[in-house]
Structures are given as C-alpha cells and as structure tokens.
C-alpha cells in the first residue's frame with residue numbers, strides 16, 4: 001500500500017481481555033517496528049522484525065505482550081489479560097532495511113483499557 | 001483533540017515568526033538524530049535528520065543544529081505557518097551491540113501557531 005496501515009484505529013477493551021493490533025507495512029519494507037506512546041510521553045520501543053531474522057523483543061514490557069510477523073509482511077501485536085496501564089497509542093513503522101532510520105509510521109491504534 | 005500535548009512543554013508563536021524547538025540528549029555515543037512532527041491523530045512524520053559528523057543541516061524552511069559539546073539539538077522553523085502546529089519529537093540512535101535500528105525518542109514539544 002501507499003503507507004503503513006494499522007487497525008483498528010481505536011480499541012476499547014475491558015481489563016483482563018486479550019487484544020490484537022494489526023499492522024500492514026509498506027510493500028517491500030523488510031524492517032517493521034512497534035512502538036508505544038503513552039499519554040504525554042515519547043515513543044517507547046517494543047519490538048523489531050527484520051526479514052527472516054529472529055525479532056528483537058527486548059522492549060516488550062511483560063510476557064503478556066507478544067508479536068508475530070507472518071510471511072515477512074503483516075504483523076500482529078497481542079496483549080493478553082490487558083491492564084489499565086496498557087492504555088496507550090501503539091504505533092507501527094516500517095523501513096526498507098535496518099539502516100534506513102527514516103521510518104514511516106502508521107497512524108497508530110489508540111487502546112483504552114477500562 | 002489529542003490529549004498527549006497537555007503534559008508536554010509548549011511553544012506558542014505568531015504566524016510568520018521563526019520557531020526554535022530544543023532537545024537535550026544524554027548519550028554522547030549517539031551518532032544519528034531525527035526530528036519528527038506528529039499531528040493530532042496521526043503517526044510521527046519524518047522532518048529532517050543529521051549525523052554526528054555535522055553540526056548543521058538545512059531543509060525546506062527547517063534547519064537542524066547539533067551541538068555535541070553540550071549534547072543539544074534544535075529544530076528551527078522559518079516563517080512558521082498554522083499547518084506547523086503539532087508535537088515535535090527529537091529521536092536519537094544509540095548503537096549498542098548492533099542494535100542500531102532502535103530510536104530513543106524525547107517527550108516532545110507542542111508547537112502552537114497563532115494566526
């Protein structure tokens with residue numbers, strides 16, 4: 001597609017429920033990143049995928065968070081047993097390769113846990 | 001509107017004035033810096049970047065200055081327009097053991113342009 005697409009754009013969920021957030025990167029971009037943006041804060045790195053290499057999961061805040069990338073394209077970020085502190089905007093970005101730091105970001109998914 | 005800006009440093013300027021947004025970074029090993037613009041409800045958009053072997057870089061209406069001595073980065077916007085109103089983030093790359101794809105972001109500055 002023309003840009004990075006994320007869905008849903010907004011998600012309200014009850015505490016304890018699982019949620020899945022989806023990211024469609026730009027076609028041909030091999031690198032994909034997930035960041036989290038909490039209220040009044042900068043962006044926090046979560047996870048990075050590059051081609052067929054093992055992902056860098058070092059930014060995931062707990063084992064309730066996981067992500068996968070199927071076929072080197074679409075990625076899904078899953079949060080299990082959501083907590084109120086998980087409320088944030090989850091941003092996905094892609095780039096041609098890891099040396100291109102000028103990521104293209106999607107518009108994000110605003111997650112609200114009530 | 002986007003509530004993320006309520007907790008951020010703010011800068012208010014008149015249309016047509018020049019704006020200067022500042023950012024301090026902490027790691028002297030950082031070698032690449034980027035400025036992003038984030039409008040309400042959208043993801044961050046790349047504006048301009050600079051490598052540590054430079055101290056100034058210019059784009060269209062924007063200039064980034066890097067002072068490595070005091071670990072300070074600034075973004076200058078000339079003839080600020082209402083469309084420039086947004087949250088501006090600086091980001092740095094810290095190469096640690098090959099993990100040079102991670103960007104570390106500042107908390108952002110909310111720029112408001114008054115007509």
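Tabulated data for the structure shown
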item: The protein assembly as shown: antiparallel DSSP beta bridges as a percent of all, rounded to 5; result: 90
item: Averaged over A:34-40, number of beta-carbon atoms from partner chains that fall within 10 Å; result: 4
item: Semi-axis lengths (Å, descending) of the ellipsoid that matches the C-alpha gyration tensor of the protein assembly as shown; result: 29, 21, 16
item: Highest-first arrangement of B:21-27, A:30-36, where packing means the average Cβ count within 10 Å; result: A:30-36, B:21-27
item: Proxy reagent accessibility, fewest Cβ within 10 Å first, across B:72, A:29; result: B:72, A:29
item: Relative packing of peptides A:87-96, B:73-82 - highest average C-beta neighbours within 10 Å first; result: A:87-96, B:73-82
item: R0 of 22 Å, Cβ-Cβ distance residue B:78-residue B:10: FRET efficiency to nearest 0.05; result: 0.65
item: Viscosity 1.306 mPa s, 10 °C: Kirkwood-radius Stokes-Einstein D of chain B over Cα pairs, µm²/s; result: 109
item: The range B:7-84 versus the range A:47-74: alpha-carbon centroid distance in Å; result: 30
item: Counting DSSP beta bridges with both ends in chain B, the antiparallel % (nearest 5); result: 85
item: Relative contact order for chain B, counting Cα pairs under 8 Å that sit 6 or more residues apart, in percent; result: 36
item: FRET efficiency, residue A:112 to residue B:45 (Cβ-Cβ, R0 30 Å, nearest 0.05); result: 0.80
item: Order of B:46, A:45 - criterion: other Cβ atoms within 10 Å of each residue's Cβ, fewest first; result: B:46, A:45
item: Residues A:85, A:20 arranged by fewest to most Cβ contacts within 10 Å; result: A:85, A:20
item: For residues of B:35-43, the mean tally of beta carbons on other chains within 10 Å; result: 4
item: Among beta bridges that DSSP assigns inside chain A, antiparallel share in %, nearest 5; result: 90
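None of the figures in this text is laboratory data; all of them are computed from the coordinates on show. Treat the numbers as computed from the prediction; the structure is a model and nothing was measured. Note that we place each Cβ from the backbone using ideal geometry, even for glycine, and neighbour counts take in every protein chain shown.
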